[in-house]
Each structure stands twice: as structure tokens, then as C-alpha cells.
Amino acid sequence: METSSSPLISVISCAHNEEEYVDKFFPNLLNALKNLSYEIIFVADRCTDDTVEKAKKYNVKIVEKKQKKWINGYAESLQFGFSYAKGMYVGIVDVDMIIPSNFFKDVMPMLRGNVASVAAQVITYPDTLWNRLMYAWEKTYRFAPLGRGRYGAARVILKKALDEINGFRDVFATDTDLDIRLAERGYRSVSTSAVKVYHARHMSLESMVNGQIRMGRGRYMVGYGFMRTMGHAIFRFRPFILGGWLMEWIKKVE
């Protein structure tokens, strides 16, 4: 941990068998935290590969989650990491993210007034065929009626606001649920295109379909209706989101 006159920021990074990304992730994260007061809480979620051994090289706090009790293991890991956080700010940076050196220095000053959460713009790193297809699809956000959503994989949140809503809940749309509950407390969540973060995970057709299904299930969990979800599925060319929503709806009516 570096020391400075800046307030402490607690960075939570969750990993489930992420050995491929650890050595790409930490150098960029540590560079972005240079000259700041920070703690890194690395949540290893039931890892069976070399994720933990690789993370030990970087002298960070490693907390291991040995079992899954929540439906959404990622949300559970975030809450587990949050229970250790001591900072004025809580940073959420996933291990498959490549953040720029200005990430914290540019995002943290935006947390003023009633703004309690600021998310960076996440862009898929176009190094494989499926990643290039996702990268191209993401450019259509500029024409989307509601624009780009605020995603939780690279954001900074005021800890006192997280404390008020008791942190994270067991839903799939973790980021949307967070924004909704912050808004109920009078806070705003914003995103900025001035800070761009690359998503380095290698995509596949299977992971893209599963991601849509999870998002659809998450939309149902946070209360998004059928028509709104269908409109998103059609106009954003993401049909499996509707399938995920229907899966959760069927479970509730059975």
C-alpha cells in the first residue's frame, strides 16, 4: 500500500480460475494506484488453478471464498470483499479488465454532490474473432435509444453509500440492482466515456449466449417488465436476454 494525503480506496477484485489474466491485470492496476492510498482485496472464489499462487507475487490481501451460497457467485464475492473494505471509496475492478493509468485519478473527483458511483466505459479488447465481433457490436451503442448502460466491472463507489444499502445483493444484474438501490437513497450513478477500460476476456459463442441469459435473468430479478425486456432483445439484437427473463418468470409462476 502506498501512502499519501489522499483518502483510502479499497479495490475489490474477484477471481474464479483467472490464472490467464492475473499477470496482465495487476501491473496496470498498481500503476493506476500509484501515489494513492489504497488496499487491494483479491477475492479468490473456489479457485482450482494457479490464480492464488500468481496473485501472491503482488503482495495484496487475498481472501479465499471456499463455497458458494448465493445464486450469483460473483455478487457473493463482491459482498465478501466488501466486508473487508475500510476505505472512503470502493473500487470494483474485475481481473479481466485492463485499466489505464488515469483510471482512479480521473474517476474519483467525479464522486461529488449526490453522485455516489462512477463507471468507466468498458470496451471489448478486439484480439480474437469473437472479441472483434463484440467490439464492432458495441459501437452500435451510439445509435441505441438509451445509450450505453453503466456496468460494474470497472467503477468507483462511495463506501458510505454502499453501507447505506448494505452492499450487494444476490441478483444477476448486480450493477443495475446497485444503481436502482442507490437511486432510492437519493444518489446518482453516472458513467464517463472519458475513461476507457478494455475487457480482455476471450469471448466465445457459448459465453456470449450465457451472458445474455444471465442478463435476462437479472433484468427479471430487478423488476424489468416483459415488454421492456423484449424491446431490448429485439432492438439490441440480443434474443437470449428474453429467454433468460422468461426462465426466471417461469420459475416464479410454477
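A few notes on this one:
- Screening the candidates Met97, Met108 for the property of being within 27 Å of Asp170 (Cβ to Cβ), surrounded by 16 or more Cβ atoms within 10 Å (Cβ to Cβ), within 18 Å of the chain's Cα centre (by Cα) and hydrophobic (A, V, I, L, M, F, W, C) yields one hit, Met97.
- Residue in the range 21-35 that is more than 27 Å from Asp127 (Cβ to Cβ) and out of contact with any strand residue (DSSP E or B) (no Cβ under 7 Å at 6 or more places or on another chain) present: yes
- If you go through the range 228-254 and keep only what is hydrophobic (A, V, I, L, M, F, W, C) and open to solvent by less than 30 Å² (accessible area, probe 1.4 Å), you end up with Ala233, Ile241, Trp245.
- Taking the criterion of being of a type in the set (S, T, N, Q), surrounded by 14 or more Cβ atoms within 10 Å (Cβ to Cβ), over 13 Å from Tyr74 (Cα atoms) and at pLDDT 95 or above, the residues of the range 1-36 that qualify are Ser10, Asn28.
- One residue stands out in the range 180-207 among those that are hydroxyl-bearing (Ser, Thr, Tyr) and assigned to a loop (DSSP other than H, G, I, E, B): the one that is surrounded by the most Cβ atoms within 10 Å (Cβ to Cβ), namely Tyr187.
- Gly225 vs. criteria surrounded by 19 or more Cβ atoms within 10 Å (Cβ to Cβ), closer than 29 Å to Arg142 by Cβ, small (Gly, Ala, Ser) and out of contact with any strand residue (DSSP E or B) (no Cβ under 7 Å at 6 or more places or on another chain): no
- Residue list for the range 43-82, restricted to those being in contact with a Leu (Cβ under 8 Å, 6 or more places away or on another chain) and surrounded by fewer than 19 Cβ atoms within 10 Å (Cβ to Cβ): Tyr58
- Residue in the range 89-111 that is without any contact (Cβ under 8 Å) to a residue 60 or more places away in the chain, out of contact with any strand residue (DSSP E or B) (no Cβ under 7 Å at 6 or more places or on another chain) and not in a helix (DSSP H, G or I) present: no
The values are calculated or read from the model by the stated rules, or taken from the named source; none is laboratory data. Since we're looking at a predicted model, the values are computed, not measured. Glycine also receives a Cβ, built like all others from the backbone with ideal geometry; neighbour counts cover every protein chain displayed. Surface accessibility is based on the protein's heavy atoms, side chains included, excluding ligands, DNA and RNA. Shrake-Rupley method; radii C 1.70, N 1.55, O 1.52, S 1.80 Å.
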